[in-house]
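Working notes, beginning with the structure itself.
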Amino acid sequence: FYFDFSPTYVGCGLICPHIVNCSVLLGAIISWGFLWPFIFAHAGDWYPSGLESNNFKGLYGYKSFVLMEMFFSHNSSKEVFWVVTFSQVFIAIALILGDGLYNLIKIIYISAKEVCKKSTKQSKLPIVNEVIDNESSKVLAEQRKRDDIFLKDRIPTWFAASGYVALAAISTATIPIIFPPLKWYLVLVSYIIAPALAFCNSYGTGLTDWNLSSTYGKIGLFIIASLVGSDGGVMAGLAASGVMMSIVSTAADLMQDFKTGYITLSSAKSMFVSQLLGTAMGCVIAPLTFWMFWTAFEVGSPDGPYKAPYAVIFREMAILGIEGFSELPKHCLALCFGFFIGAVLVNLLRDVTPKEISQFIPIPMAMAVPFYIGAYFAVDMFVGTVILFIWERINQKEAEDYAGAVASGLICGDGIWTIPSAILSILRINPPICMYFGPSLSS
């Protein structure tokens, strides 16, 4: 738990609701304050000890995951990296799926109920009607205008479904040719279960601004690698992970872009066409960019500027995933099941309790993010929400008008600096002075 002076996360704290920021901090306290130290204390009982220093479960993996290195660098039990990484991935997934699937079923139920009530022939999405008074009439009129413009040019359901089926058919036919170990039926299964996972990821991204597509990729990698086995399981798992991550990540990106279009009164169809053009450009630009880096630098070299640590991590996860769920540490699945049920119960409690009480009940999806990412950004976001809380108490109107602008300035300023930082890095120019804020390593 440390504050690293990140303007981006402080800005996110200013934008996100107080309950989201508090839920993130609560998740950080539960995971990094209690759960991970508790698991670490069971070294030698829940998972093996005494591994060699070059084993990925030990020192090599320990070096590859900076977050775990900062947290456990003062300990000698290097094998804790793997057990906590597995626990992070699976427990975070359990919380995310429990919250996401609950809300998915809830939205489907509400939408089906609304459709049954509608006797009109014109298909429209349900819009909440609120009582209008003199003060809020202008705001609600603008919101209705946004609704009308966005729904008028929305993508037809048949077009979206047909496009997804067509892409699934193309991928099912071509991916096994590129990666023979990944059979066509495994690709088809990935496309069948991906929409539910994509909804969960989009829901979580909308709450916390964290796209956890790599988390879903890891779980897909482990499952597919265990199903294929030693005969090509590594290649099949990595390929399936790429398929799952591309679907889940694209859904979250589209959600963010369409929300921007909704706010700016832009046509949904125009945005979608722009997305198609950008994707087509990316099919050419992205490989060329990778080729430029591949030829100019030693990509993947442990001593180079671009070590690509996640490539090593994903490959080693696929290698261990070949053994199946037997490789999971003791009680890992039990913990996952418990957190999944807990997420469902917390959501149910939020729905059945009065609004005066439910507004203080944490959101499981937001709690799940620090389980996997770390506690540091939760502290930053909580600092942002504390600033906003004090600002609202001093001047409510001013906070409502300028909090978004201040947050945007913090996020944009921090993001724009990555451009000169990247240029300096490519030119191998080191800054004259460096400052780093991190956790204390003293025992």
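So is D253 in a helix (DSSP H, G or I) and surrounded by fewer than 21 Cβ atoms within 10 Å (Cβ to Cβ) or not?
Yes.
Looking only at segment 347-370, count every residue that is farther than 15 Å from I105 by Cβ and either without any contact (Cβ under 8 Å) to a residue 60 or more places away in the chain or surrounded by 13 or more Cβ atoms within 10 Å (Cβ to Cβ) (or both) and tell me the total.
Final tally of qualifying residues: 16.
For segment 3-34, give me each residue that is among the aliphatic types (A, V, I, L, M) and touching a Leu at 6+ places or on another chain (Cβ under 8 Å).
Once the filter is applied, which keeps residues that are among the aliphatic types (A, V, I, L, M) and touching a Leu at 6+ places or on another chain (Cβ under 8 Å), segment 3-34 yields V10, L14, V20.
Just to be sure, is I170 free of Cβ contacts under 8 Å to residues at least 60 places away in the same chain, within 30 Å of G374 (Cβ to Cβ) and open to solvent by 60 Å² or more (accessible area, probe 1.4 Å)?
no
Can you give me the number of residues within segment 203-213 that are in contact with an Asp or Glu (Cβ under 9 Å, 6 or more places away or on another chain), open to solvent by 20 Å² or more (accessible area, probe 1.4 Å) and either free of Cβ contacts under 8 Å to residues at least 60 places away in the same chain or not in a helix (DSSP H, G or I) (or both)?
Counting residues in segment 203-213 that are in contact with an Asp or Glu (Cβ under 9 Å, 6 or more places away or on another chain), open to solvent by 20 Å² or more (accessible area, probe 1.4 Å) and either free of Cβ contacts under 8 Å to residues at least 60 places away in the same chain or not in a helix (DSSP H, G or I) (or both) gives 1.
Taking only pairs six or more apart or across chains, which ones have beta-carbon atoms under 6 Å, a first residue in segment 231-249 that is under 17 Å from M317 (Cβ atoms), and a second residue that is among the hydroxyl-bearing types (S, T, Y) and at pLDDT 85 or above?
Pairs found: A240/S190; V243/S190; M244/S190.
Taking segment 410-432 as the search range and keeping residues that are of a type outside the set (A, V, I, L, M, F, W, C) and surrounded by 13 or more Cβ atoms within 10 Å (Cβ to Cβ), which one is nearest to V10 (Cα to Cα)? Before you say what the answer is, go through the steps one by one.
Filtering segment 410-432 for residues of a type outside the set (A, V, I, L, M, F, W, C) gives 413-415, 418, 420-421, 425, 428, 430-432.
Subsequent filtering for residues that are surrounded by 13 or more Cβ atoms within 10 Å (Cβ to Cβ) retains 414, 425.
Working: D414: 11, S425: 25 Å.
Selected residue: D414.
Tell me yes or no: at least one residue of segment 228-243 is farther than 20 Å from N103 by Cα, among the acidic types (D, E) and either open to solvent by 10 Å² or more (accessible area, probe 1.4 Å) or not in a helix (DSSP H, G or I) (or both).
Yes: segment 228-243 contains one or more residues that are farther than 20 Å from N103 by Cα, among the acidic types (D, E) and either open to solvent by 10 Å² or more (accessible area, probe 1.4 Å) or not in a helix (DSSP H, G or I) (or both).
Could you list, in sequence order, all residues of segment 371-403 that are of a type in the set (S, T, N, Q) and open to solvent by less than 80 Å² (accessible area, probe 1.4 Å)?
T385, N395, listed by residue number.
Working only within segment 400-416, note down all residues that are of a type in the set (G, A, S) and modelled with pLDDT of 85 or more.
A403, G404, A405, A407, S408, G409, G413
Are any of the residues in segment 267-274 open to solvent by 30 Å² or more (accessible area, probe 1.4 Å), among the aliphatic types (A, V, I, L, M) and without any contact (Cβ under 8 Å) to a residue 12 or more places away in the chain?
So far as segment 267-274 goes, yes, one or more of its residues are open to solvent by 30 Å² or more (accessible area, probe 1.4 Å), among the aliphatic types (A, V, I, L, M) and without any contact (Cβ under 8 Å) to a residue 12 or more places away in the chain.
Take the residues in segment 214-227 that are closer than 30 Å to V10 by Cα and surrounded by 23 or more Cβ atoms within 10 Å (Cβ to Cβ), then tell me which one is modelled with the highest pLDDT.
Looking at the filtered set, the residue picked out is G217.
For residues in segment 292-305 being in a loop (DSSP other than H, G, I, E, B) and at pLDDT 70 or above, which is surrounded by the fewest Cβ atoms within 10 Å (Cβ to Cβ)?
Here is the first cut: in segment 292-305, the residues in a loop (DSSP other than H, G, I, E, B) are 297-305.
Filter again for at pLDDT 70 or above, leaving 297-301.
On the way: F297: 13, E298: 13, V299: 15, G300: 13, S301: 11.
Going through the qualifying residues, I end up with S301.
Could you give every pair whose Cβ atoms fall below 6 Å, whose first residue belongs to segment 186-198 and is within 12 Å of Y216 (Cβ to Cβ), and whose second residue is open to solvent by less than 30 Å² (accessible area, probe 1.4 Å) and hydroxyl-bearing (S, T, Y), counting only separations of at least 6 or pairs across chains?
L197/Y216
The values are calculated or read from the model by the stated rules, or taken from the named source; none is laboratory data. Computed from a prediction, not measured in an experiment: that's the story for all the values here. Glycine also receives a Cβ, built like all others from the backbone with ideal geometry; neighbour counts cover every protein chain displayed. In case anyone asks, the SASA skips ligands and DNA or RNA and just uses the protein heavy atoms, side chains included. Shrake-Rupley method; radii C 1.70, N 1.55, O 1.52, S 1.80 Å.
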